[in-house]
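A.B. asks: Before I ask anything, let me first share the structure, which is written out below as structure tokens.
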């Protein structure tokens, strides 16, 4: 009989840990559910992306997304003075489509930049690394792409771009709520061999400090997510970038909006077969879990570690500035109605303000006397309320 709480092996591991150590902070549960090396969602589930998976990313929709990111990377290469070695580090590369399409457009349109470019993928999931390797082996020149964990890249060694698309939202988060007696944290406990959510004293003082650092006062009864892992990730990126840029694309908001009383239940979401859900204890290891990104914290953490804020905007404006209309016009030249319809739907989804088009795009830079004017910010309104 199928276990309604998901993967029975993973459920057993979680129960064993709770029986040994007591209440499990939600952040630990989310880490195991998503990233356990054998049974976690990103390693055990065969289809994560696309029609047979649980969600689409922008790179899954159309090669134009990678081509437009290639334009932005070429622009950044120019701003760096056209270095002989230009490194793009993509963190969390999905099926490898963004890498494939970005490098293909550099090769076709910016030969000098392409000659200088080396591409590194930091991918935690062994299943995704295998999928990426298979795709890129036949689509990129030999030796152009390498796989290396972020932590193994030497500090101050990268001249180029650190790039992520829908990465930070999948970092495990702490869940908190405000009560009349102060902040509480959410934990997972066992009751009669089943997992249940409960609230208790915070496991770390960092949670209160996090909210205080951004002058966030949650209302009594309000629930929210705190992504401490994003801070460490931002520090790691800044430490490894000697000179260049970071591009972070994800769904999320500046802190005042993310933690507004208008969001009393927080922003944690689950996804299974393109259906949204709200119960993280259902389908453990078989559904995705995400939480909106706090871009204020990324900006401020970056600034504390040498990354200057070059601009924060939304994907619909970012792609528009990079020339999405050109690709849409080319697609209209096709004589195949099916291809035209597919392209039109892809472009619509890429800039839909209620979907992917509403994603935040944060551009940061390091090693410049003055912040460069970047192509992706040329015509779009930059969001200043962070």
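The values are calculated or read from the model by the stated rules, or taken from the named source; none is laboratory data. Since we're looking at a predicted model, the values are computed, not measured. Here the Cβ is made from the backbone with ideal geometry for all residues, glycine too, and neighbour counts use every protein chain on show.
A.B. asks: In this structure, does residue 65 turn out to be touching a helix residue (DSSP H, G or I) at 6+ places or on another chain (Cβ under 6 Å), part of a helix (DSSP H, G or I) and surrounded by fewer than 23 Cβ atoms within 10 Å (Cβ to Cβ)?
C.D. replies: no
A.B. asks: Scan region 345-361 for residues that are part of a helix (DSSP H, G or I) and within 20 Å of residue 72 (Cβ to Cβ) and jot them down.
C.D. replies: Answer for region 345-361, where residues must be part of a helix (DSSP H, G or I) and within 20 Å of residue 72 (Cβ to Cβ): 346, 347, 349, 350, 356, 357, 358.
A.B. asks: For region 40-47, check the following and say yes or no: at least one residue is under 30 Å from residue 351 (Cβ atoms), modelled with pLDDT under 95 and not in a helix (DSSP H, G or I).
C.D. replies: Yes, the conditions are met somewhere in region 40-47.
A.B. asks: For region 95-125, give me each residue that is more than 23 Å from residue 61 (Cα to Cα), without any contact (Cβ under 8 Å) to a residue 12 or more places away in the chain and surrounded by fewer than 17 Cβ atoms within 10 Å (Cβ to Cβ).
C.D. replies: Of everything in region 95-125, those that are more than 23 Å from residue 61 (Cα to Cα), without any contact (Cβ under 8 Å) to a residue 12 or more places away in the chain and surrounded by fewer than 17 Cβ atoms within 10 Å (Cβ to Cβ) turn out to be 111, 115.
A.B. asks: Inspect region 7-14 for any residue being touching a strand residue (DSSP E or B) at 6+ places or on another chain (Cβ under 7 Å), modelled with pLDDT under 95, crowded, with 19+ Cβ neighbours inside 10 Å and under 18 Å from residue 277 (Cα atoms) and give the result as yes or no.
C.D. replies: Checked region 7-14: at least one residue is touching a strand residue (DSSP E or B) at 6+ places or on another chain (Cβ under 7 Å), modelled with pLDDT under 95, crowded, with 19+ Cβ neighbours inside 10 Å and under 18 Å from residue 277 (Cα atoms).
A.B. asks: Could you tell me whether region 143-154 includes any residue that is surrounded by 13 or more Cβ atoms within 10 Å (Cβ to Cβ), closer than 28 Å to residue 82 by Cα and in contact (Cβ under 8 Å) with a residue 60 or more places away in the chain?
C.D. replies: Yes: region 143-154 contains one or more residues that are surrounded by 13 or more Cβ atoms within 10 Å (Cβ to Cβ), closer than 28 Å to residue 82 by Cα and in contact (Cβ under 8 Å) with a residue 60 or more places away in the chain.
A.B. asks: I would also like to ask the following. Test residue 179 against the criterion of being modelled with pLDDT of 95 or more, farther than 30 Å from residue 368 by Cα, out of contact with any helix residue (DSSP H, G or I) (no Cβ under 6 Å at 6 or more places or on another chain) and surrounded by fewer than 19 Cβ atoms within 10 Å (Cβ to Cβ), and give yes or no. Show your work before the answer.
C.D. replies: Values: modelled with pLDDT of 95 or more: yes; farther than 30 Å from residue 368 by Cα: yes; out of contact with any helix residue (DSSP H, G or I) (no Cβ under 6 Å at 6 or more places or on another chain): yes; surrounded by fewer than 19 Cβ atoms within 10 Å (Cβ to Cβ): yes.
Against the criterion (modelled with pLDDT of 95 or more, farther than 30 Å from residue 368 by Cα, out of contact with any helix residue (DSSP H, G or I) (no Cβ under 6 Å at 6 or more places or on another chain) and surrounded by fewer than 19 Cβ atoms within 10 Å (Cβ to Cβ)), residue 179 qualifies.
A.B. asks: Residues that are modelled with pLDDT of 95 or more and assigned to a loop (DSSP other than H, G, I, E, B): does region 27-35 have at least one?
C.D. replies: no
A.B. asks: Mind checking which pairs have a first residue in region 208-219 that is on the phi > 0 side of the Ramachandran plot and a second that is outside any loop (DSSP other than H, G, I, E, B) and surrounded by 11 or more Cβ atoms within 10 Å (Cβ to Cβ), Cβ under 8 Å, 6 or more apart or different chains?
C.D. replies: Matching pairs, first to second residue: none at all.
A.B. asks: Which one of these is without any contact (Cβ under 8 Å) to a residue 60 or more places away in the chain, over 16 Å from residue 67 (Cα atoms) and in contact with a strand residue (DSSP E or B) (Cβ under 7 Å, 6 or more places away or on another chain): 367, 357?
C.D. replies: When all the criteria are applied, what remains is 357.
A.B. asks: Oh, and also: What residue, among those in region 70-94 that are under 16 Å from the mean Cα position of the chain (by Cα) and not in a strand (DSSP E or B), is modelled with the lowest pLDDT?
C.D. replies: Once the filter is applied, the top-ranked residue is 94.
A.B. asks: Same structure again: Need the failing condition index for residue 172 against (1) surrounded by 18 or more Cβ atoms within 10 Å (Cβ to Cβ); (2) not in a loop (DSSP other than H, G, I, E, B), just the number.
C.D. replies: Only one criterion is unmet by residue 172, namely (2).
Rundown of residues vs (1) more than 30 Å from residue 370 (Cα to Cα); (2) touching a helix residue (DSSP H, G or I) at 6+ places or on another chain (Cβ under 8 Å); (3) touching a residue at least 12 places away in the same chain (Cβ under 8 Å), yes/no style:
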| residue | (1), (2), (3) |
| --- | --- |
| 242 | no, no, yes |
| 245 | no, yes, yes |
| 248 | no, yes, yes |
| 251 | no, yes, yes |
| 254 | no, yes, yes |
| 269 | yes, no, yes |
| 272 | yes, no, yes |
| 280 | yes, yes, yes |
| 286 | yes, yes, yes |
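A.B. asks: Looking only at residues in region 187-214 that are under 25 Å from the mean Cα position of the chain (by Cα) and assigned to a loop (DSSP other than H, G, I, E, B), which one is nearest to residue 21 (Cα to Cα)?
C.D. replies: Taking the candidates together, the pick is 204.
A.B. asks: What's the number of the condition residue 131 fails, among (1) modelled with pLDDT of 95 or more; (2) surrounded by 14 or more Cβ atoms within 10 Å (Cβ to Cβ)?
C.D. replies: (1) is the only condition that residue 131 fails.
A.B. asks: So, of the residues in region 78-94 that are touching a residue at least 40 places away in the same chain (Cβ under 8 Å) and under 16 Å from residue 365 (Cβ atoms), which turns out to be surrounded by the most Cβ atoms within 10 Å (Cβ to Cβ)?
C.D. replies: Applying the filter and picking the extreme gives 88.
A.B. asks: Do any helices (runs of 4 or more DSSP H) lying entirely in region 230-344 carry at least 1 residues that are surrounded by 20 or more Cβ atoms within 10 Å (Cβ to Cβ), touching a strand residue (DSSP E or B) at 6+ places or on another chain (Cβ under 6 Å) and modelled with pLDDT of 95 or more, and which ones are they?
C.D. replies: Passing ranges, in order: 255-258, 295-304, 315-322.
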